[in-house]
1. Mind jotting down the distance between the C-alpha centroids of the range 41-112 and the range 451-482, whole Å?
2. So what does log10 I(q)/I(0) come out to for the chain at q = 0.06 Å⁻¹, using the Debye formula with one equal point on every Cα and no solvent?
3. Students often check this: by mean Cβ neighbours within 10 Å, which of 233-245, 485-497 ranks highest, and how do the rest follow?
4. Between TYR35 and ARG94, what is the FRET efficiency for a Förster distance of 22 Å, r being their Cβ-Cβ separation, to the nearest 0.05?
5. Just tell me which lysines come within less than 25 Å, Cα to Cα, of LYS156; anything on the same chain fewer than 8 places away is out.
6. What order, most packed first, do the peptides 374-383, 444-453 have when packing is the mean number of other Cβ atoms within 10 Å of each residue?
7. Calculated FRET efficiency, ALA108 and ASP3, Cβ-Cβ r, R0 60 Å, to nearest 0.05?
8. Per residue, what accessible area does the chain have, given a 1.4 Å probe and all protein chains present, in Å²?
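The values are calculated or read from the model by the stated rules, or taken from the named source; none is laboratory data. This is a predicted model, so every value here is computed, not measured. Neighbour counts are summed over all protein chains in view; Cβ atoms, including those assigned to glycine, are modelled from backbone coordinates with ideal geometry. Please note that ligands, DNA and RNA were not included when accessible areas were found on the heavy atoms of the full protein model with its side chains. Shrake-Rupley method; radii C 1.70, N 1.55, O 1.52, S 1.80 Å.
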Amino acid sequence: MADLALLGLDVGTSSSKAIVLAGDGRELARGRVEYPLSYLDGGWVELDLTVVWAAVTTLIRGVTAQARASGGAVRAISLAVSGDEAIPVDAGGRHLRPCIMAMDNRTAGLAEQFGRKVGRQRLYDITGLPVHAMHPLVRLMWIREHEPEIFARTAKMLCWSELITSLLGAAPVSDYSVASRTMAFDVVRQEWSQEILAAAGMDPSLMPGLAPSGTVIGEVPAGIAADLGVEPGAQVVAGGFDQPMAALGSGVLDPGDAGVGTGTWEALVAVTGAPVLTSRMLEAGYPFGCYVLPGRFFCLASNAGGGSLLRWFKDNFGADDMRRARRGRSDPFDVILADLPDEPTGLIALPHFQGSYSPWMDPGATGAILGLSLATTRGEFVKAILEGTAFELRANIERIEAAGIAIGSLRATGGGARSPHWLQLKADITGKPISTVSVDEAGCFAAACLAGVGAGLFASADEPVRAWVRTVRTFDPDPARQAAYDAIFTDYLGLVRAVAPLSHAITARRQSQA
């Protein structure tokens, strides 16, 4: 008989990934499938869930076949998912329209209206979320107003986790971390908020069931199991929102632990014993949610300046880097980051190419670089951009710590974790040790660990994480460089404040000319 295996899926906005682990932590299989977003007029962005489900099923079939070849039979499945997307479904569970994606701006005005109606602080006190257009409750309100025929047929509004687990044959049940992203969930009471739903004019029956991460919510029926290559009756286990899931998979377990994931954007996830829902934290735009381990919460900080800035540099100025990468069969980003100076550049870069998020919450902000001269080198220019993103990370850490949330050290995940230059820079600027770990697909790994909880292998997901996740390398702050960056950081904060009025004028002029 084949050994028990655990399937962890990470369903994202542009791709889905999967790994299969044996019960002793050995990796038996992995895979990835990509899919395109639809960019519509007016800044609208959608995704057809038929495409996502086709990708997910293809992915599952591929990794289960690999696992069987290695002697593993998948008997439990769990998911990490993008947390801000949701889809209306009818009474039969069929989705009624394409998914409105998080970056879609159509509900910005509606979100502001709802914030004024309920009160921004009151919304924050209950849901842990600053008002934002991306949250599923606001999307549902928009559908009611603009697509009444679809709203009339809507039986449930399901986030991706509930939709996909229901397609696997389980009940449409949301874990607490995903529910925390809907703007309809009471993050402290851990239940749907009757007050918020009433203010939105929504029947509570539109929301799915609730369960903690790691709870068995159903089994895969024989027909679906045969199609996908999992064992009949394989347990479907509640997973979680992808940001805290990636943190969990990198070993972020207890209050004081934090993870920094650097992909297209950069996200800081800090674990805390309780949400800190003060007006100052609301002003800085910090969402709180239930963590994917019991009795814990997380604070999330987002920075639009991450890998997207390196990609901008590559696409506009990196033709020679790409040629060198092709000749050496290497990654263009590795080539770009290979020749950075060791010492601080003395330049100050604001990485607000897509506006700024926490702690400034200034969507009209623009990028800037101060201190350029004819002596500035290409390597200094690139490093200045990375320094700017690290200054943003430090600004968030300091604001979060000032609220009483401890951050001891950082675990690094995502593409940015591959660069020793960038990791050492983050340590020097933040003053925090930052470590890489033995897991490279942290969201999938965390999902597989939660599947193991559902399968009865572990009492809690922290058990396999403590046993299987190892620190590979730790970057400690260099005292001399940290002291130099302390002075530059003061100038950085001053530049953020000084440039804001001019940034707003530039943004307004661009919008009037569009």
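1. 27 Å
2. -0.27
3. Working: 233-245: 28.8, 485-497: 15.7.
Ranking the peptides 233-245, 485-497 by packing returns 233-245, 485-497.
4. Working: r = 19 Å, r/R0 = 0.89.
So the FRET efficiency works out to roughly 0.65.
5. Of all the lysines, those that pass the test against LYS156 - Cα under 25 Å, at least 8 places apart if same chain - are LYS117.
6. Working: 374-383: 15.1, 444-453: 31.7.
The peptides rank, most packed first, as 444-453, 374-383.
7. Values: r = 50 Å, r/R0 = 0.84.
In this case the efficiency is close to 0.75.
8. Working: 19930 Å² over 514 residues.
Value for the chain: 39 Å² per residue.
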